[in-house]
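Student: Let me begin by handing over the structure; questions about it come next.
The values are calculated or read from the model by the stated rules, or taken from the named source; none is laboratory data. Note that the structure is predicted; figures quoted are calculated from it, not measured. With ideal geometry, Cβ positions are generated from the backbone for all residues, glycine too; neighbour counts draw on all protein chains shown. Please note that ligands, DNA and RNA were not included when accessible areas were found on the heavy atoms of the full protein model with its side chains. Shrake-Rupley method; radii C 1.70, N 1.55, O 1.52, S 1.80 Å.
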Amino acid sequence: MESVFRREVDYLMEGIYLLQHLGAGRKYRELKEEIDRRFGNPLREGLCKMELIERIEAAAERAFSEDMEQVRYYFHMQKENGMCCAGKTALLWEGCRETEFQEVAAYGAYLRGLSEQEYCERFAVCIQEYTAEDVRGEKDIVKIEEPLAVISFLMRMEIADEEKWKLQKIFIEREEQLERVLALLEKAVVCLRGFEPELLAWIQQFCAYWEKELGGQALSVYMGDRTDIFMEENPLGFCLQASFLHPDEIVSHSDQREDGTYEKRDFCRLGILFGEDFEIGIKPARQTEGFEIYVLQVLKLLADKSKFEILSYIRDKEAYGSELARHLGITSATVSHHMNALLHAGLVRVNNRENRMYYTANTKALSEVLDYCGHILI
């Protein structure tokens with residue numbers, strides 16, 4: 001089994017993350033405050049990382065001060081599916097994968113060199129991310145090879161009309177739209193390169209920590225022991241990449257054939273905050289103001305009828321995304337929206353098996369919340 005720790009900055013991916021962050025209009029201080037509330041001020045070394053990320057944010061806000069309307073237009077992520085935005089579709093960027101390009105110009109040249117059929121196929125995959133489950137549940141990707149079929153599929157999608165017309169415009173005006181988005185990405189990468197020495201220094205520490213922490217163990221085994229995400233072990237190994245501008249994320253990609261064999265090693269982007277002071281699998285702090293806020297967040301989720309029905313359905317059995325959609329009479333995109341919130345709150349477990357993601361309720365976490373409520377209220 002091969003273990004690869006990427007020791008360079010993935011500027012293209014980080015540039016896209018930076019644009020998405022600006023497009024969402026959020027602040028990294030809000031993320032830090034949320035972590036402090038929920039986990040009881042866990043960050044020590046991580047505070048230095050957050051300070052760097054906030055300086056990058058401030059520099060980007062200055063750099064894009066006259067371009068924010070365009071940034072929001074292309075990189076405001078859809079509420080129904082947090083992975084998707086029009087800018088990523090214009091770049092034909094598909095989820096979490098290892099990137100082969102280090103420069104925006106090289107990636108742009110690759111995109112311009114695609115044939116019409118290749119462009120249609122890639123564009124169709126990207127727009128299907130809007131309705132497929134971004135937590136890698138069961139999805140049937142339709143192969144589309146010609147322009148009219150792409151437009152027809154797009155018009156039937158269950159997304160807002162405004163987003164449909166935006167995506168259609170990007171598809172039809174391929175070259176013009178691509179140049180605009182590439183220009184935004186290039187500016188984001190230039191901004192990030194201004195912090196290159198510090199980014200590389202943190203990556204070296206990140207790789208050193210995770211090489212020691214894993215100690216030759218498969219990443220899937222490590223994750224399964226500490227989180228609610230269970231994946232089959234890939235005999236080809238894994239590649240681990242630090243993620244700065246999604247500093248608290250865990251996103252993985254596995255290329256598994258229908259017969260269960262693997263095409264290549266697994267790939268995982270892991271937030272730079274995860275380390276000695278903010279361990280993977282960290283639980284909300286009990287008997288603290290942070291845990292009380294967490295409990296209130298969980299109660300809000302349970303007050304939603306669909307989320308409550310999902311948890312009820314998977315209380316003592318596993319189910320995959322399309323099964324839940326059929327049971328509840330809602331779309332896969334809506335299931336994905338609910339599941340993201342439940343996963344973020346630690347209320348469900350996910351098991352990657354037979355090329356599907358199966359979900360089951362995390363009854364231990366639910367019991368802790370309900371016990372806390374009983375202790376306080378009864």
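Student: Is there a residue in the stretch 213-222 that is at positive phi and open to solvent by less than 20 Å² (accessible area, probe 1.4 Å)?
Tutor: No.
Student: Looking at 321, 260, 275, which one is in contact with a Ser or Thr (Cβ under 7 Å, 6 or more places away or on another chain) and within 27 Å of residue 220 (Cα to Cα)?
Tutor: 321
Student: Here's something else I'd like to know. Considering the stretch 181-219 alone, what residues qualify as being modelled with pLDDT of 95 or more and of a type in the set (D, E, K, R)?
Tutor: Selection gives 186, 187, 193, 196, 198.
Student: Still on this model: Under 7 Å by Cβ, and 6 or more places apart or on different chains, what pairs join a residue from the stretch 48-72 that is assigned to a helix (DSSP H, G or I) with one that is of a type in the set (Ser, Thr, Tyr)?
Tutor: Short answer, once both residue conditions are applied: 50/28; 53/28; 54/28; 57/28.
Student: Please specify each residue of the stretch 297-308 satisfying the condition of being touching a His at 6+ places or on another chain (Cβ under 8 Å) and part of a helix (DSSP H, G or I).
Tutor: 306, 307
Student: For the stretch 266-293: of the residues being modelled with pLDDT of 80 or more and either in contact with an Asp or Glu (Cβ under 6 Å, 6 or more places away or on another chain) or small (Gly, Ala, Ser) (or both), which is surrounded by the most Cβ atoms within 10 Å (Cβ to Cβ)?
Tutor: So the residue we want is 273.
Student: How many residues does the stretch 326-355 hold that are free of Cβ contacts under 8 Å to residues at least 40 places away in the same chain and within 15 Å of residue 305 (Cβ to Cβ)?
Tutor: So the count comes out to 5.
Student: Moving on to the next point. Can you tell me which residue in the stretch 325-364 is surrounded by the most Cβ atoms within 10 Å (Cβ to Cβ), limited to those that are in a strand (DSSP E or B) and basic (Lys, Arg)?
Tutor: Restricting to residues being in a strand (DSSP E or B) and basic (Lys, Arg), the top hit is 349.
Student: Scan the helices (runs of 4 or more DSSP H) fully inside the stretch 143-257 and keep the ones with 2 or more residues being within 24 Å of the chain's Cα centre (by Cα) and either touching a residue at least 12 places away in the same chain (Cβ under 8 Å) or over 29 Å from residue 343 (Cβ atoms) (or both).
Tutor: 161-172, 174-193, 196-214, 219-226
Student: Here is a follow-up. Consider residue 227 carefully, then state whether it is at pLDDT 80 or above, open to solvent by 10 Å² or more (accessible area, probe 1.4 Å) and polar (S, T, N, Q).
Tutor: no
Student: If you don't mind, another one. Among residues belonging to the stretch 255-265 that are in contact with a strand residue (DSSP E or B) (Cβ under 7 Å, 6 or more places away or on another chain) and modelled with pLDDT under 80, point out the one that is surrounded by the most Cβ atoms within 10 Å (Cβ to Cβ).
Tutor: 256
Student: Here are some residues: 186, 179. Which one is closer than 23 Å to residue 87 by Cβ, in contact with a helix residue (DSSP H, G or I) (Cβ under 6 Å, 6 or more places away or on another chain) and of a type in the set (Asp, Glu)?
Tutor: Answer to the check: 186.
Student: Of all residues in the stretch 14-34 being surrounded by fewer than 21 Cβ atoms within 10 Å (Cβ to Cβ) and among the hydrophobic types (A, V, I, L, M, F, W, C), which is farthest from residue 270 (Cα to Cα)?
Tutor: The extreme case among them is 24.
Student: Next question. Say we look at the stretch 230-247 and pick out the residues that are more than 16 Å from residue 272 (Cα to Cα) and open to solvent by less than 20 Å² (accessible area, probe 1.4 Å); which of these is modelled with the lowest pLDDT? Don't jump to the end; show me each part of the working.
Tutor: Narrowing the stretch 230-247 to residues more than 16 Å from residue 272 (Cα to Cα): 230-238.
Now narrow it down to the ones that are open to solvent by less than 20 Å² (accessible area, probe 1.4 Å): 234, 237-238.
Values: 234: 84, 237: 87, 238: 90.
Filtering first and then ranking leaves 234.
Student: Could you list, in sequence order, the residues of the stretch 356-365 that are over 17 Å from residue 281 (Cβ atoms) and either of a type in the set (A, V, I, L, M, F, W, C) or free of Cβ contacts under 8 Å to residues at least 40 places away in the same chain (or both)?
Tutor: Result: 357, 361.
Student: Next up: In the list 40, 95, 46, which residue meets the criterion of being among the small types (Gly, Ala, Ser), touching a strand residue (DSSP E or B) at 6+ places or on another chain (Cβ under 9 Å) and at pLDDT below 95?
Tutor: Step by step, each of 40, 95, 46 is checked, and only 95 is among the small types (Gly, Ala, Ser), touching a strand residue (DSSP E or B) at 6+ places or on another chain (Cβ under 9 Å) and at pLDDT below 95.
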